[in-house]
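The values are calculated or read from the model by the stated rules, or taken from the named source; none is laboratory data. Keep in mind that this is a model prediction, so the values were computed, not measured. Positions of Cβ are backbone-derived with ideal geometry, glycine not excepted, and every protein chain shown enters the neighbour counts. Only protein heavy atoms, including side chains, enter the accessible area calculation; ligands, DNA and RNA are left aside. Shrake-Rupley method; radii C 1.70, N 1.55, O 1.52, S 1.80 Å.
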Amino acid sequence: MSKGVIISKRQNDNKNNQKSYGKWYPRVLNMKTLTLDDVCDHIMEHGTIFTADVVHGVTKKFVNCIQELLLDSHKVKLDGLGTFYLKAKLKTGANAEGTPIYGGTTTADELDIQNVVFSMGFTPERSDRSLYLGPVLSRNANRVSVNSLLKESGLLPDDDEDSGQQHGGGTSGSVEEQP
């Protein structure tokens, strides 16, 4: 069962940024990173006529097919989500520690395509159909403060106001904070 988006309040303590120093900002806390198997299990919880092995198989095949299509020079657009594509950069050397150096060449003839390194890019869909646009996410989000969860679990007394201050305890090492 979903409780909602867990939000903590953090004060900026970076004195080098005078514009935001001392101000309070929201931070989203993620309880854990879900794997593909976790997502498949979640799909199954919504009820389906397909067995668990079919949902897992189709989803895993889907992920593999995206890579195959990208490596065949296709972009992959998932309506309502966004577009996956390949990005390329040229490895031009390495420093003394062996860390790659990337850049360009002076002429087209110098560009050796065997030194091209790929990574995946993603552009979120910006159409009205997207469920992931900021306004749509904000409208659909159930916001839950860390302090309310601590009070609910008995780790914070009820008489303590939700002042925005961070209190110790209540969050395990499995909580992931978004930067």
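Any residue in region 120-147 that's touching a residue at least 12 places away in the same chain (Cβ under 8 Å): show its pairings with residues that are of a type in the set (Asp, Glu) at Cβ separation under 6 Å, as long as the two are six or more apart or on different chains.
Taking only residues 6 or more apart or on different chains, the pairs are 145/162; 147/162.
Checking residue 7 against (1) out of contact with any strand residue (DSSP E or B) (no Cβ under 6 Å at 6 or more places or on another chain); (2) surrounded by 13 or more Cβ atoms within 10 Å (Cβ to Cβ); (3) not basic (Lys, Arg), only one condition comes out false. Which one?
All conditions pass for residue 7, except number (1).
With region 1-88 as the region, which strands (runs of 3 or more DSSP E) entirely inside it contain at least 3 residues that are within 22 Å of residue 124 (Cα to Cα)?
Details: elements: 5-11, 24-30, 76-78.
Fully inside region 1-88 and qualifying: 24-30, 76-78.
Here is a list: 76, 28. Which entry is surrounded by 11 or more Cβ atoms within 10 Å (Cβ to Cβ), under 22 Å from the mean Cα position of the chain (by Cα) and within 30 Å of residue 144 (Cα to Cα)?
28
How many residues are under 15 Å from residue 63 (Cβ atoms) and surrounded by 10 or more Cβ atoms within 10 Å (Cβ to Cβ) if we restrict to region 31-40?
6
Being within 19 Å of the chain's Cα centre (by Cα), assigned to a loop (DSSP other than H, G, I, E, B) and not aliphatic (A, V, I, L, M) is the filter here; which residues of region 113-132 pass it?
125, 126, 130, 132, listed by residue number.
Would it be correct to say that residue 96 is over 24 Å from residue 35 (Cβ atoms), part of a loop (DSSP other than H, G, I, E, B) and either in contact with a helix residue (DSSP H, G or I) (Cβ under 9 Å, 6 or more places away or on another chain) or open to solvent by 70 Å² or more (accessible area, probe 1.4 Å) (or both)?
For residue 96, the condition - over 24 Å from residue 35 (Cβ atoms), part of a loop (DSSP other than H, G, I, E, B) and either in contact with a helix residue (DSSP H, G or I) (Cβ under 9 Å, 6 or more places away or on another chain) or open to solvent by 70 Å² or more (accessible area, probe 1.4 Å) (or both) - is met.
Of everything in region 133-179 that's open to solvent by 70 Å² or more (accessible area, probe 1.4 Å), in a loop (DSSP other than H, G, I, E, B) and of a type in the set (Asp, Glu), which residue is modelled with the lowest pLDDT?
My answer is 161.
Taking the condition of being of a type outside the set (Asp, Glu), open to solvent by less than 90 Å² (accessible area, probe 1.4 Å) and touching a Ser or Thr at 6+ places or on another chain (Cβ under 8 Å), how many residues in region 99-132 meet it?
Residues in region 99-132 being of a type outside the set (Asp, Glu), open to solvent by less than 90 Å² (accessible area, probe 1.4 Å) and touching a Ser or Thr at 6+ places or on another chain (Cβ under 8 Å): 9 in total.
Please go through (1) in contact (Cβ under 8 Å) with a residue 40 or more places away in the chain; (2) open to solvent by 70 Å² or more (accessible area, probe 1.4 Å); (3) in contact with a strand residue (DSSP E or B) (Cβ under 7 Å, 6 or more places away or on another chain) for residue 89 and return the number of the only condition it doesn't satisfy.
Against the list (1) in contact (Cβ under 8 Å) with a residue 40 or more places away in the chain; (2) open to solvent by 70 Å² or more (accessible area, probe 1.4 Å); (3) in contact with a strand residue (DSSP E or B) (Cβ under 7 Å, 6 or more places away or on another chain), residue 89 comes up short only on (1).
For region 41-61, does any single residue satisfy the condition of being at pLDDT below 90, under 19 Å from the mean Cα position of the chain (by Cα) and open to solvent by 80 Å² or more (accessible area, probe 1.4 Å)?
Yes, the conditions are met somewhere in region 41-61.
Just to be sure I understand the filter: pairs with C-beta atoms under 9 Å, separated by 6 or more residues or on different chains, first member in region 45-63 and more than 19 Å from residue 78 (Cβ to Cβ), second member part of a loop (DSSP other than H, G, I, E, B) and modelled with pLDDT under 90. Which pairs pass?
As it stands, the answer is 54/48, since those pairs meet every condition given.
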